[in-house]
Every structure is written in structure tokens, then in C-alpha cells.
1. Would you calculate the separation in nanometres between label points at A:Ser83 and A:Lys33, each defined as 7 Å from the Cα along the Cα-to-beta-carbon direction?
2. Report the charge-dipole magnitude of the protein assembly as shown in Debye, nearest 20, computed about the Cα centre from +1 at each Lys and Arg Cβ and -1 at each Asp and Glu Cβ.
3. Please give me, ordered by residue number, the chymotrypsin sites (Phe, Trp or Tyr not before Pro) of segment A:52-108 that lie in loop per DSSP and have at most 14 other Cβ atoms within 10 Å.
4. Taking the label point as lying 7 angstrom from Cα along the Cα-to-Cβ axis, what are the distances from C:Ser60 to the corresponding position in the remaining copies, in ascending order and in nanometres?
5. Under the convention of a label 7 Å out along Cα→Cβ, give the distances in nm from B:Asp107 to the same position in every other copy, shortest first.
6. Mind checking which aspartates and glutamates have their C-alpha under 17 Å from B:Lys33, skipping anything on the same chain fewer than 8 residues away?
7. Could you let me know the centre-to-centre spacing of segment D:52-115 and segment D:118-145, using Cα atoms, in angstrom?
8. Using a 10 Å cut-off around each Cβ of peptide D:189-196, what is the average number of partner chain Cβ atoms that fall inside?
Protein chains: 4
Amino acid sequence: MGVQIESTVKDPERIRERRKQIVRASVELFIEKGFHKTTTREIAKASGLSNGALYEYVKSKEDILYLVCQHIHQEIHERLADSLSSHETALERLRHAMTSFLSVIRDMEDEVLLIYQESKSLPPHHLHDVLQNEQVITDVFVQLLQDGLEDKSLELTEETIPLVAHDIIVLGQMWAFRRWAIRDMDFSEFVRQQINMILRTEPDHSSILRT
Amino acid sequence: MGVQIESTVKDPERIRERRKQIVRASVELFIEKGFHKTTTREIAKASGLSNGALYEYVKSKEDILYLVCQHIHQEIHERLADSLSSHETALERLRHAMTSFLSVIRDMEDEVLLIYQESKSLPPHHLHDVLQNEQVITDVFVQLLQDGLEDKSLELTEETIPLVAHDIIVLGQMWAFRRWAIRDMDFSEFVRQQINMILRTEPDHSSILRT
Amino acid sequence: MGVQIESTVKDPERIRERRKQIVRASVELFIEKGFHKTTTREIAKASGLSNGALYEYVKSKEDILYLVCQHIHQEIHERLADSLSSHETALERLRHAMTSFLSVIRDMEDEVLLIYQESKSLPPHHLHDVLQNEQVITDVFVQLLQDGLEDKSLELTEETIPLVAHDIIVLGQMWAFRRWAIRDMDFSEFVRQQINMILRTEPDHSSILRT
Amino acid sequence: MGVQIESTVKDPERIRERRKQIVRASVELFIEKGFHKTTTREIAKASGLSNGALYEYVKSKEDILYLVCQHIHQEIHERLADSLSSHETALERLRHAMTSFLSVIRDMEDEVLLIYQESKSLPPHHLHDVLQNEQVITDVFVQLLQDGLEDKSLELTEETIPLVAHDIIVLGQMWAFRRWAIRDMDFSEFVRQQINMILRTEPDHSSILRT
DNA sequence: GATGAATGAGACTTCATTCAT
DNA sequence: AATGAATGAAGTCTCATTCAT
């Protein structure tokens, strides 16, 4: 899955190991200074590798960005998937998933922001793959909405599902990319409101529209 | 309003003139290649200025980015403000404003995306100002929601207003920064669904929650 | 004539000036250490330019090699052309030209060797042009041989002319690229023998073949 | 004969074996990309050796170039020596040898060119040895000319012999290093003309000089 | 003897910014 | 005010060679 990154090194175990070091160091650096202002020398040093060794595990600086994005998406997806519950109704499962998702976002604020700000620097080939990963995460919610359509615990039409799923993602990621505006808000309050925006489950608030 | 940018040139009229050229050229270049991959030489040439002249109207490349962001926000804000209607109820005015806002977003897709992707490269001082401008636009909706609270055409609580306003902005800007996922969607359909997500005005859809 | 090399600088006079500096410095360095072992920094310094300035007059290191080869060929050609005499017969003119050519080769030993050894590093586009220049020089002798055919001062057939011309060139350039083997030979003796190899004008030596 | 190249390996048989692999691979690579643009990694891989093993049979990249040049010279010399005939007169033997030599050159065009273009990258010590090998080949013709002097089948003077021998070599190698200019010529025609240039054996053409 | 990962100096080139004219 | 040539620091990447295993 994903685009293969070439390496001069043969031992796959070592590749995994070293790339983990590289990614760990790079995430931190990219968050701190941005992709462009981070030098490969800094990455090498922070990874505990020599300048040359870095390039045995990666073919270009852009490859590193790709690995970073991939890693972040993977972690988000994993944590989201792990938290999927087995509640009776899709509605309950959806609510639970949204809560989990938001909590992941909060834990990975910086990483989410990183993808928003730097993925544009990926070569088209890799960008496409990263966007696909973003879609994979979105599809978790597509599935839950679909379930809700089937077990009738949610009322919506088939055609609206894709956009609603994206809305869910975006209203969650907001915590990361709008934190400058929301920082003083209580996180659990944020969760409550965003879930309500999607589901309108609160009594008397099925719409902000006065009936 | 905004941060003052220094210039060695005296005549303010000329400054305005030249900076307009610079911004026009830069917006296009930044959209096409990104801020970092655009060189000041390219900007100078596309602006019809010499390398040296460029630096008489701007003190650094980052200044240009700032001017660009400011210009984009200004145009968005202007167009949004201009379209504010004088309908009877706040609800009607809000719906109208959202429609207008979405239409502005569509017209300025690339520019909106630009701000999302490049504003991080601004020095803190300028970044702060740009975020403030984003807030100014958000405040248009804050005001409308407030109005709705007062004339009771909307049902919501005071505390939720800020976040709802941000939700409106973000669900609109999505058209720009998620277009890779939404591209095949009809724009008017997008508008309809996003407004419904906020307002739940469609009959039988006051919530996706089955009652 | 020749392939145009791009420059960021506008003033053509200055371009000519600076490139002359670059070529002068590079010829010397390339002769001394070879193209690959000469660094652009060395070239810049020896040219009296900064690292950056160098690249305003040239787009790559290979461009410099091209300029160098072109310059050498130009000088050889010029000196050869300047020395063309107006003797009565083509035979006399040819003999005179060979003598001049050999004297140019001697003066430019190192430069001739340089082209032999480094032109292979040129990009195809430029290599082709350099070879063409080599042909232009060869054509001087092609013309003289043709003249000899016409005024009947030389006895040869039309078809052999091209190769004989190349033989002349190569038997001359030998002084440069075989000097390790010929060094202890007197130059004027070399000239005499090589001219004789081509023309067999010496009494009793119209051929090394005993009659 | 030749300069000894050090090796960490004891078994001389194995050294010979491995170096043969190295040379075979390198000749091909050097012809294709040139000495400087060929990496030792490529050589190792093409030789079927590991990066490290390569350096057990050779002490530096330059050593490899030396082995390559030596190998080429050896093959040329061998083939030339093998083809030496036992005709009655030195003239006949010389003509035969020139024909053979030219045929070797044609078969080894690329290799001959390689020596012309890359031998300059040898350290002085090795370069000297390579030039000596070139002289050894030249000496084959020196000997034949000497024989011709003695058996009087050739008419020339002692002092001219060395240069004539070099002329023979160079007029033959031309096929390799001037092929860009001669490519459309028939090889046998080339042979005929070059031999004639040296020997002037064709009736009525003992000289291009009209008598 | 062999392997292949690691090293690290150094190469070419770019580009924001300055400053003499 | 304008020009555009010059600066030089800094960046990415390569590769001959070494050495622990």
C-alpha cells in the first residue's frame, strides 16, 4: 500500500528501523520550522545518521516528507480504526467514532496541521497517494453513515453521504488548523458542539432554526 | 488596519500603485508554484519592476507574502460585505450571506488555498495580522448569528456562536482545500448541502437523526 | 555561429568581457588539472568573479567547457586563416599552410590536447558543435587540396581529398597528443617529416618504397 | 611488466580471476559513460562483487582505469603480434601488419577511444606505464621499418623511422577518434588510402605531387 | 575473504538581498 | 527612483573509501 520508496540498503528490517528514526526526527523538525526551512543536514543529525546514510534510506528530501505524511495518516487511521465500537446502532457507533476521532486530532494537532501546510510540496505522484490516505480515513465515516442509512438509525439520503463524511473530518480537523481562534475553548465543549452540529441530537436543538 | 510595511519611496500613491503590481503578479506565481519555489526575480519580472526596485517597495520576500494574504482577505471581505442583504429576519440574511460567501470562495478557490498553505511562512508578527483578518471575516457571521439570537429567528445559545461561525467559514472553504475530493460535485449542490448542514432548514431534515 | 549560451546579464559587451575572463582562467585550470578535477569555485576565483557571478554568465560547468573549446578552435582557425598565403600554385599554398598549422599546434599544444581529452564531457548538443568546428578547420585543407586538383599542382583524386585533409590535421595534432613520445625531437625536423609524409616532395623520397 | 597493483588477497589465481571480471565490466561502463561518471558501486555490481570486495582487488578507482588500459593495450598488442606474417620482404610484412593493425582498431574502436580520452586521469606513475605500452605497440612498426631498411625493401633513413612508426599508429587510430568525420566512409577504402599514404605503392601515385 | 552499511568531504548550483551607477 | 550586476551563504545530494560483522 502506498508508493514504494527506494533504498540502497537491502535488509528490510534495518530500513524500517532507520526510516522510523528519520520520520520521528523529521516530524518534530517540520512541525518546528516547516519543511522548507528544515535542512537535510538537520534531519540527518537529529536522526542519528550521517549525511550520507540518510540518502541510503531515502532518495530525496521530498521522499522524507512523503514518509512523514504517510506515517501520520497511518497513525491516525490506526487509532481511529482501533477505537471503532460495536454499539447496537450505527448512530451510536458514529457518535463514538466522532468522539474518538476528535480525541486523536487533539493528540496529533501539530501533525494534522503539518499535513495541511506541507503536503503541497510533495511531487504529484506522492501527493496523490497522501490524498488517497486522507480519503481512506474519510471512508471510515462514509461506512458508518452508510450503516446508519441501512439500519435507519440515521436519516439521510445516499447522495449526501460523501460530503457529510468530509464535513465530519473537516469540522474535527478544525481543532488543529483553527486553534489560533479556538484555543481558549474547552476541548470537551468543542467536541460536544461539533458532534451536535453533525447530529443535532440535543433536545430542543435539532436545528438552530427556530421551529 | 494591518501592519505597516516600510518603503524607501516617499510618494504614497506610487507605493500603492507598485505594490498592486507586485501583488497581482505574486498571487499568480504563488498559486502556480508556491511561495518557496517562486523567486524574487520572477516576481520582479512579472511585476514589471527591476530586481532592485522591488526592494524599494518591500523589505523582504516575506513582506510580499503578507501583502498577498492581506489583499486576498480584503477582497473576500469586501465582496462578502457588499453582498450583505437587508432581509427582514437574520435567518434570511444569514442564508443569503452564506450563499454569497460560498460563491466568493468558488471564485477565489486558489487564493483561499494559498492562504491555507503559505501563511505559515509569515513571520509571527504578520501571521498574527493575517489570522486577525480571517477573524474579521468570521465576525461577519458572528454578527449575523448574534442578530438571529436577538430577533429570535435562530435558535442557539450565545456561547455556541463563535464556533458556529467558524464552522460556517470552514465548511465553505472546504470547497477550496478539499476540492481533490469534491471536484466532481455540482457546486450548487454543495451550497445546498452545506447550508443545510448549518441550518437544517429542509423539511424533514432538521436533523440527520431519525426522530 | 555556434550554440548560444544563455546569460542573465543583459549588456553584451560585459558578457563578452566576463566570459573572456572565465575562459582564460578555465583553460589554464583545465590544462593543469583536467575538467572534472577543477571546481567551479576555483574557476570563479581565478576569473576574479564571485561564485554567484560566475553563474550569471554561464548556466553550468559544462557551458564553460564548451566556451573553452569554442575559444580554442576559434583561435586556431583564426591563426590558420590569417596565415593563408597567396602563392602561385596550390601546392605552394598548401605547404605554407601546413607549416603554419604546425606552428599553431606547437604554440597551442596544451589547448589541442585539452580538446582531445575533455570534449567528450560536453553534452551532445555542444559536442556536435565542437566537432563541427574541428571540421571547419579541416575544411581549410580540403579547399587547398581541391585547388591543387584544379590547378593540377597536386596529383590526387577527388574522393581521397577528405581523408587526406584529416590526415594532415591528425599528423599535425600528433605533436600535441603524442608529445610524450616525440618530445626529444626537433620541432622543425617534425615539420619537415610530416610535410614530407603528406607531399613526398623531397628528391629521392617520393615514396619510402624503393623503386 | 607493468606496475604492480596491490591486493589484500593472497591467492594470485583468484586475483587474476576477479580482476578479469572487474576489467570486463569496467571497459563496458567506461565506454558507455566515461571514467568519471562511472561509480565504483556500478563497477562492483557489474563485476558481481560487493562494494567491499572490489577494494580487496584494487586500491582505488584509478587502479581500475589502469587495469583497463593495460588490458586493452595487451589485447591490441597480442592480436597485432599474432598476425605478424613471415613474408619474404619487410615491405610485404609491413603492409600485412598495417592491414592487421587497422582491423584490430576497427574491432576495438571504443577501447582505443577510451584510452585517448581517459588515460589522462591516471596518476603519473600509471600513466607513464600506459604510454610505455603504447610505445611497445609502436615498436612493432619500428622493427618492421628497421627490417625494411636492412633488406632494402623500403627506402628511408634511420632517423625518420620513429616518427613514421608513430604516423602509422596515429593514421590507424584515427578510425577510432575521428569516426564522427569518417563514419560514412567504407572501412576497406580507409585501409587502402591510409596504407597508400604511408607507402605510396599505387602506380602513378607515388606522391600526390604531380611530377 | 566477503558483505554492505556508514562516512563525510565536497561538488554544483540557487537566490534573497545589496549597492554602485 | 531605478537598474541590474554582484554577492556569498547555504542547500541538496553524490560517491570513493572504510570497517564492523
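Values quoted throughout were computed directly from the atomic coordinates according to the rules given, and no laboratory measurement underlies them. This structure is a prediction, so every number in the text was calculated from the model and none was measured. We place every Cβ from the backbone using ideal geometry, glycine too, and count neighbours over all the protein chains shown.
1. Here the answer is 3.3 nm between the modelled labels.
2. Values: 100 positive and 140 negative charges, 310 e Å.
About 1500 debye.
3. Values: sites: A:Tyr55, A:Tyr57, A:Tyr66, A:Phe101; in loops: A:Tyr55, A:Tyr57.
Sparse-neighbourhood loop chymotrypsin sites (Phe, Trp or Tyr not before Pro): none present.
4. 1.6, 2.8, 3.4
5. Once sorted, the set of distances for B:Asp107 reads 4.5, 7.3, 8.0 nm.
6. A:Glu62, A:Glu118, B:Glu42, B:Glu62, B:Glu109, B:Asp110, B:Glu111, B:Glu118
7. Answer, in whole Å: 11.
8. On the way: counts 3, 1, 0, 1, 6, 2, 0, 2.
Other-chain Cβ atoms within 10 Å of each residue's Cβ, averaged: 2.
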